[in-house]
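I have placed the structure first, in the form of structure tokens, so that the comments after it can refer back to it.
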Amino acid sequence: MGDNINAELLARDHRHLVHSLHSEKTHLDGKVWVKGEGCELIDADGNRYIDAMSGLWNVTLGYSQPTLAAAAASQMNTLAYASGYSGSSNPQAMALGERLAGLTYPNVNRFFFTSGGGESTDSTIKTARYYWKAMGKPGKYKTISLMGGYHGTTLAAMCATGFPAYWPSFEPRMPGFVHIPNHDVYRYTAPPGQDPAMAAADELEKAILTEGADTVALFIIEPVCGGGGYVPPPGYFKRIREICDQYDVLLAVDEVITGFGRTGRMFAMEHWGVLPDLMQFAKGITSGYLPLGGIGLSDKVAEVFDREGSDPWMHCYTYSGHPVTCAVALATIDVIEKENLVQAAAANGAQLLAGLHSALDGHANVGHIRGLGLIAAVELVEDKSTKASFAASRKIGPAVIAEARKRGLITRGRGDTVYLGPALVMKEPMLKQVVEIVAESVQAVLGA
Ligand SMILES: Cc1ncc(COP(=O)(O)O)c(C=O)c1O
């Protein structure tokens, strides 16, 4: 392994930067990345790591896609920027809108672009409020979301995010945000005699009735929760759709992680044949090469934008519809289609999950292995029979992630759940290595 250039760079970094989720302790042990190649990252000391998270689930095409760089350079040399405010547009944004209309759900045909996931969540929430005001129901403003769901950390997105650790330093949270239990098939306990999938979905109905249907604008949910790997049980989304229709609540799906192929479908609700009223995306739309996100409006929602005399939608971002990010998105979609990466994600994801099961099912502390496509999670527990978690102070999950890092593998996790989110382009030999290193790391911390 290399010299200690990394440590010197970290000291330099510390003098002038504050990082996302800033934590002094975590950062002391940080890495400075200087190069990406395929599905690997190289640090300042020259050490090479397999990136089993594809960045933050976003670098779906890996780090070596020359066509994305070429698309960005060409567009920068033609039109580096154009305002996307009403009255101004550009051909790349239009082409991307057309392309997305063909790729997303059949009822979703209009798009607004942002610079990432959190901005997309805020845009979704504000659009739902705008919609209900236009429909003559201004009292419908509340957002319901899942505990264990992640939607970003801008102020409104943070309030929708269902991980309490994100809240206390920034409270009070905004009024009008309500959380319901996650459908987590490992931990959700249905009332006696009830089907867990239906009971988990009916949590939404309970919350709507508690709040009053005339106050609820929106239910926002990830089709599969990336942070946690929770896959809804069969029937869940069908029931969710029914409840939203019954109580006049818009259903928004957050496809920031699941969009653009990761779950083995281009967009994840295709697994369940349920159409949303709003959808949002980011990350994989540019394979992380440039920051771009957005929301898609169903025809039902878009209709209020076009109404004679409707109020202007006073929502905007300087970088909405940025021609360079849109050009890179178009190049990304080209690669996904030409290389059949959606099918690859389905096949590789099935192998990844099967590999994790065969390597870890027998381990006394592996409580649950779950996932869909190239989203996977391994939940570690102290006692498999009772599902009792380890004391948080033992920091078992972080220790497993640190062991993986020592073995040249980058992963992430929360509590004692270890996440995997490899690139769509990661091939069989490396995927096997990922599984082997995760299994070795679990054994290094918890014994064989
Ligand atoms: C499902 C989901 N929504 C929203 C976000 C927020 O995206 P960003 O970090 O680009 O604001 C994320 C980020 O991980 C996400 O996974």
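Under the combined filter of DSSP loop state and at most 15 neighbouring Cβ atoms within 10 Å, region 1-92 retains these chymotrypsin sites (Phe, Trp or Tyr not before Pro): TYR81, TYR85. Across the cross-link table entries LYS25/LYS126; LYS300/LYS387; LYS283/LYS406; LYS140/LYS395; LYS35/LYS338; LYS31/LYS427, which are compared at the Cα atoms, the separations over 32 Å belong to LYS25/LYS126; LYS300/LYS387; LYS140/LYS395.
Here the dipole of the chain is about 320 debye; that uses its Cα centre as origin and unit charges on the Cβ of Lys and Arg (positive) and Asp and Glu (negative).
Rounded to the nearest 500, the helix-only mean residue ellipticity at 222 nm of the chain stands at -12000 deg cm²/dmol, with each DSSP H run of n ≥ 4 adding -39,500 (n - 2.57). Measuring from centroid to centroid over Cα atoms, what is the spacing of region 86-139 and region 284-313 in Å? So the separation of the two Cα centres works out to 1 Å. Residues whose amide H lies under 5 Å from that of LEU250, counting only those 5 or more places away or on a different chain, are LEU218, PHE219; hydrogens are built 1.01 Å from N in the peptide plane. Look at the dipole of the chain built from charges on Cβ: of PRO291, SER74, ALA7, the Cα furthest out on the positive end belongs to ALA7. When CYS39, CYS326 are sorted by how many other C-beta atoms sit within 10 angstrom of their C-beta, beginning with the fewest, the order is CYS39, CYS326.
Mind telling me which of SER145, SER393, SER358 comes out most flexible in a GNM of the chain, alpha-carbon contacts under 10 Å? For the chain, modelled as a Gaussian network with Cα springs under 10 Å, the answer is SER393. Value of Rg to Rh for the chain, rounded to two decimals, is 0.96; Kirkwood radius and Rg both from alpha-carbon coordinates. For SER64, the residues 5 or more places off, or on other chains, whose built amide H falls under 5 Å of its own are GLY38. Sites count as exposed loop sites when they are GluC sites (Glu not before Pro), lie in a DSSP loop, and have at most 14 other Cβ atoms within 10 angstrom; the longest stretch of the chain without one is 1-307. Compared with the direct C-alpha span, the chain from ALA448 to LYS406 gains 13.3 nm at full extension, assuming 0.36 nm per residue. Note on GLU211/CYS316: beta-carbon distance plugged into 1/(1 + (r/R0)^6) with R0 of 30 Å gives a FRET efficiency of 0.50.
Looking at the chain alone, DSSP beta bridges between its own residues are antiparallel in about 65 percent of cases. Modelled spin-label separation between MET76 and LEU28, with each label point placed 7 Å from Cα along the Cα-to-Cβ direction: 3.8 nm.
Every number here is computed from the coordinates shown, using simple stated rules; none is lab data. Not measured: the values here are computed from a predicted model. As a convention, Cβ positions derive from the backbone with ideal geometry for all residues, glycine included, and neighbour counts pool all protein chains shown.
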